[in-house]
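Since the structure comes first, as C-alpha cells, the remarks are kept for the end.
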Amino acid sequence: MAILIAAFFAFVLSALFLLPLPEGLLPAAAVPYRDFLFMALSLFIVVASLLRRRAGPAEAAAPTSPTPSPPPAAPKEPPPPAGEALVLLSLLQEKGRFLDFLMEDITAYKDPQVAAASRVVHQGCSAVIREFLDVSPVHEGKEGDRVSIDKSAEPGRYRMVGKVLGEPPYAGVVIHRGWKTTKLALPRITRPVDPAGPNTITPVEVEIR
Amino acid sequence: MTKRFSLGIDLGTSNSSLSICEVDGGHAEGIDITQILSPGVVGEKPLLPSALYIPAPGECAPGSLDLPWDPAGAEGPVVGAYAREQGALVPDRLVASAKSWLCNPHIDRYAPILPWKSELAEGRLSPFEASRRYLEHMRRACEQHLAARDAGAGLDDCQVVLTVPASFDEVARTLTHEAAAAAGLGSVTLLEEPQAAFYAWIAHSEAGRGAGHWTEQVAAGDLILVVDVGGGTADFSLIAVAEAPDGLSKALELHRIAVGEHILLGGDNMDLALAYALQGKLEAEGHEIDAWQFLALVHAARMAKEKLLGDESVDEVPIAVPSRGASLFAKTIATTLGREEAVAQLLEGYFPLTRADELPAPRKSVGLQEYGLDYATEPALSKHLARFLRRALENVKSDAQLSALIGPRFDAERDAILKPTAVLFNGGVFEAGIFRRRVIDLLGAWLGAEAGLKELESAGLDIAVSRGAAYYGAVQASGKGIRIRAGTSRSYYLGMESPAPAVPGYVPPVKGICIVPQGTEEGTELELAGREFGLVTGEAVEFRFFASEIRAGDRVGDVVPNAAKSLEELSSLTITLPPVSGSAEPVVPVSLHPVVTELGTLELWMQHTKSERRWKLEFNLRARD
C-alpha cells in the first residue's frame, strides 16, 4: 500500500517538475507554491518509504531506488504498514486538507484561489510534520556546495546522478540538500485495517440539526 | 519509604502536563502523554488538553476510544486532544475549564453540572469528577512511562507534587487533593503554580543553563514578582529574598509573601479577541462565517499572533479560512492580519500603560445574577496587576514581621503599591517578547526612574510549572535544596454571631475569629485557646467560614468585627457529632484545633475537652444559596 502511494506521488512529482515546463505555463505567482508542493510531496515519499522500510517486507527491492537495498531486518513487532500510511494521510487531510488539495481538478481556478488554498495546506500539513517528525536537511551546507563522496560515506545518504564513472571518491555539486528526520513518533492506529478493503481516511461529516 | 522519583503534575485550566525527576540529582524532564488523537488513533503529545468529550451512543466504533491501559471495549468520556477538537464542534458534549468550576463557590462541585448549560440528559459530570479523570489519565500515562523506563518502578516509588493556582482558596485546594486521591495518585503534595515556576527557574540556574546560579542573580532585599498568564487564568505572587537568620552563612531565604486573586483571563481571550476582529472584517466583505470556520479562524488567529509577535520583521500575516466542504479552492476565504491591528488589539487591550492607581472596576455581586464562570470583565491585565501590588502592600503593612522582612524596600507613607525589584514570567502568553517588555515598561513607570528592574530568565514558559513541581518533589524527598517559605497563602476565620439585643431592622454583623494566620507553615497544629464550643450531638452544626489574603497581621484568636465586609466568605463548614459514650449530656464541650498538614491542606478538628476524641469539620459543598 505504502509503495503504491509513494509511486503515485513520485508520478505526480515527475509530472509537475521533471517535465520541462514552458515559462508561460506556470505564472510567477505560483512558483512559491510549486516549491512548497515539492517539499510536501517529497516529505510524504520520504515518510512513506521510511514506514515501509520499518515494516521491512522481503519483496521490498524498490524499483525506484538505484542502489540495492540492504538485507531486510527481521520484523520485531507485527506492524500494520497500511495503517500507518492511513494515519498519516488522515492527519494531513484533517489538519491540512491534503487530499482536498490534491484530488480536486485545479485547472479552472485562478491563482489567488490556489494561493489561498495552499496557505491552508501549508499551515496544516507543516504543523503535522513538525509535531510528529523532526525534519531537517541531510546536507547542512547550501545547494551548490562541492562535495566529495568516498567509500566511507553512509549508504543511502547520497543519490548520485550524472557522470558516475570509475572508483570513489566522486566529486560533485549538491543539487538538493535532501531531508532526514530524527524523530518518527507517528500516532498508532488501533482499529483494524484491511489492506484489500475500503478504508475510511476521513469520515463523512454530518451536522446534526 | 524512600522515593526514587519525583513526579510533577500541572493540572491546567486548558492544558495539563507531567514531569519526572530522579530524586538523586536528576533533571526534571517532561513525559509525553499518550492520548486519543481521533477514533482508532493513539499518539503522544507533550501536553494533555484539559478537555473531556462525552461521545453520543454509537458515535464511535466500539474500542476505538480505548487507550493502551483501558480494558478492551471501555466506554465513556474521552480526554485530551481529540476531546478538544471534536468537542469544539459539539459544545453540548464538551467539558472545558473544569478547574475554574472547581473553585467556583456558587455551585455544588460534586453535582453533575458539566458541560455547563448543556441539553445533554445523561452522562454529565461534576467538576470534581472531570478533574479526577484528567488526573487519572495522567497517572496512567505516568505508570506507562515508569514501566518503560524501569521495569520494577511504579507509582509507589514516586513523590507526587500537584500544582494549584496560588489564588485557589482552601476549599478548592481540598477538592483538588481529594480528586488526586480518587484518581489513584495517593496523598499528593500541593504546590502553588507561581512557586513551581520559581522552582523551575532555580533548577534551571542550578543546572548551569541560566544567567548564573540563582544566588548570584538575586540578593537579600530583592522582591520578585511572578507573573503567570496561562491559557485561561492569570496568577500573581511575590517572593522576597532575605538573609538567613544566622547571618553568618550568607545563605539566602525565600519567602512567598503575597498571592493574587483568581482572575479568569488569559491567552485564550487574546486569540478570541483577534478572531472576532477578523470575523468582523470578513463579514464586512460579505462573507458568512459558520461555527466551524470560526474555530478555524481562532486557530489561524493564534498562529498569526505568534508569527507577528515573535518576528518583528513581519508586517502582515495572510489568513486563509477553508470551508468545511471538500472544495478547498472555490470556498477558501482570505484576509490578512496586520501588525498594527494585532498590537493595538492585544498590547493596548491587555497590557495598556495604565497608572498604578487605575484598578479594575469592582466586581458586581453575583446575588441574583445567573451563576456561571466568573470571567474577568476587565481585560486590562495591567489594572489587575496594579490591584495585586496594592493589596500586597496592604498585606505587608498589616504585619510587623512582614514589614521587617521587606525592610527598607518600601515606604509605608508614600508608596501606593509594593514595588518589586525583579520579574519572573510564566505562561505561554509571554513567549512574545513584546508582552514581557511591556510589563517591564509598565512596572518601570510605576516604580520610578531610579529603581532598576531585573527580568529573570524563565526555564520554558509552557512547561516550567510541572518541571518546577518535579524539582520541588525531589527537594522534598531528599531534603537537599532550598525551599520557599510560604505556608498558608491566606488567613482563615470562623464566623461568630455576636449576641446583641433584638432591634427591629438591625442584623448584628457577624464577627470573624482568626483560626489560621497567614503564613502558617506545613505541619503545624494550632489551638484556638480560651474558646470552647458546646456542640449538641447528633445534630449538624454549621459554621460560616471566611478567608483573606491581605491580613497577614492577624493571629489566632484575633477578631475581625465585620466579617462579611472585610473578609471573603468561603463554603461553610459542618460537623455532626456522634453521641459521646459515657456522657449523658447532649451538649459536648469541644475546642477547635486547626492543622496545616505536611501536604499543604487545611484540616479543622473539634477536640473533646474531656477526652482525646476529635472530629473533623468538613466543607459543606453540597448546598449554598
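A few notes on this one:
- Charge-dipole axis of the protein assembly as shown as Lys and Arg at +1 and Asp and Glu at -1 on Cβ define it, positive-most pick from B:P360, B:S548, B:Q279: B:Q279
- Measuring between alpha carbons in the structure, the pairs from B:K397/B:K565; A:K95/B:K45; B:K3/B:K99; B:K397/B:K480 lying more than 27 angstrom apart are B:K3/B:K99; B:K397/B:K480.
- Distance between the modelled labels on A:A127 and A:R159, one decimal in nanometres: 3.0 nm (7 Å Cα→Cβ projection).
- Computed lengthening from B:E59 to B:W292, 0.36 nm per intervening residue step minus Cα-Cα distance: 82.0 nm
- When the charge dipole of the range B:5-191 is built from unit charges on Cβ atoms (+1 for Lys and Arg, -1 for Asp and Glu) and taken about the Cα centre, the candidate among B:V23, B:S100, B:A166 whose Cα reaches farthest toward its positive end is B:S100.
- Average other protein chain Cβ within 10 Å of Cβ, residues A:189-199: 3
- What the pair-distance distribution of the protein assembly as shown shows, using all Cα-Cα distances binned every 10 Å from zero, is 2, 11, 19, 22, 19, 13, 7, 4, 2, 1, 0, 0 percent.
- Paired Rg and Dmax values of the range B:267-350, which use every Cα atom, in angstrom: 12.6, 39
- Close amide-amide hydrogen proximity is noted between A:V147 and A:G172, A:V173, A:V174, each under 5 Å apart and 5 or more residues distant or on a separate chain (H modeled in the peptide plane; Pro and chain starts excluded).
- Other-chain or far-sequence residues with amide H under 5 Å of B:S16's (modelled H): B:L48, B:S50
- Only Cα pairs under 8 Å and 6+ residues apart enter the sum, and on that basis the relative contact order of the range B:491-619 stands at 28 percent.
- ³J(HN,Hα), Karplus 6.51/-1.76/1.60, whole Hz, each residue of the range A:83-89, x for Gly, Pro: x, 5, 5, 5, 4, 5, 4
- Once the Cβ-Cβ distance of B:A148 and A:V138 is raised to the sixth power relative to R0 = 45 Å, the FRET efficiency obtained is 0.90.
- Estimated vicinal HN-Hα couplings, Hz - the range A:90-100 in sequence order (Karplus 6.51, -1.76, 1.60; Gly, Pro = x): 5, 5, 5, 6, 4, 8, x, 6, 4, 6, 4
- Average other protein chain Cβ within 10 Å of Cβ, residues A:91-104: 3
- Projecting the Cα atoms of B:F533, B:A386, B:V429 onto the dipole axis of the protein assembly as shown, where Lys and Arg carry +1 and Asp and Glu carry -1 at the beta carbon, places B:V429 farthest toward the positive end.
- Chain B: relative contact order as a whole-number percent, Cα under 8 Å and 6+ apart: 14
- Burial order of peptide ranges B:163-172, B:88-97 (average beta-carbon count within 10 Å, highest first): B:163-172, B:88-97
- Taking amide H as placed 1.01 Å from N in the peptide plane, B:I257 has its amide H under 5 Å from the amide H of B:L238, B:I239, B:A240, each at least 5 places away in sequence or on another chain.
- Exercise: per-residue mean of other protein chain Cβ atoms within 10 Å, B:39-52: 4
- The share of alpha-carbon pairs in chain B lying farther apart than 31 Å comes to 55%.
- Phi-based couplings in Hz for the range B:256-268 (Karplus 6.51, -1.76, 1.60; Gly and Pro marked x): 7, 10, 7, 10, x, 8, 6, 10, 8, 7, x, x, 4
- Among the GluC sites (Glu not before Pro) found in the range B:222-313, those both in a DSSP coil and sparsely packed, with 10 or fewer other Cβ atoms within 10 Å of their Cβ, are B:E285, B:E288, B:E312.
- In terms of the mean number of neighbouring beta-carbon atoms within 10 Å, the peptides B:557-570, B:381-394 order highest first as B:381-394, B:557-570.
- Under 16 Å of direct C-alpha separation, and excluding same-chain neighbours fewer than eight residues apart, A:K183 reaches these aspartates and glutamates: A:E84, A:E131, A:D134, B:D32, B:E44.
- Each Cα pair under 8 Å and six or more residues apart adds its sequence gap; the mean of these over the residue count of the range B:424-554 is a relative contact order of 24 percent.
- Test item: Cα-centred dipole of the range B:5-191, Lys/Arg +1 and Asp/Glu -1 on Cβ, debye: 480
- Charged-residue dipole, Cβ positions (Lys, Arg, Asp, Glu), the protein assembly as shown about Cα centre, Debye nearest 20: 980
- Charge dipole magnitude, Cβ of K and R +1, D and E -1 - chain B, Cα centre, debye nearest 20: 560
Each reported figure results from applying straightforward, stated rules to the coordinates on display, with no laboratory input. Note that this is a predicted model, so its numbers are computed, not measured. A quick note on method: Cβ atoms are made from the backbone with ideal geometry, for glycine too, and the neighbour counts reach across all protein chains shown.
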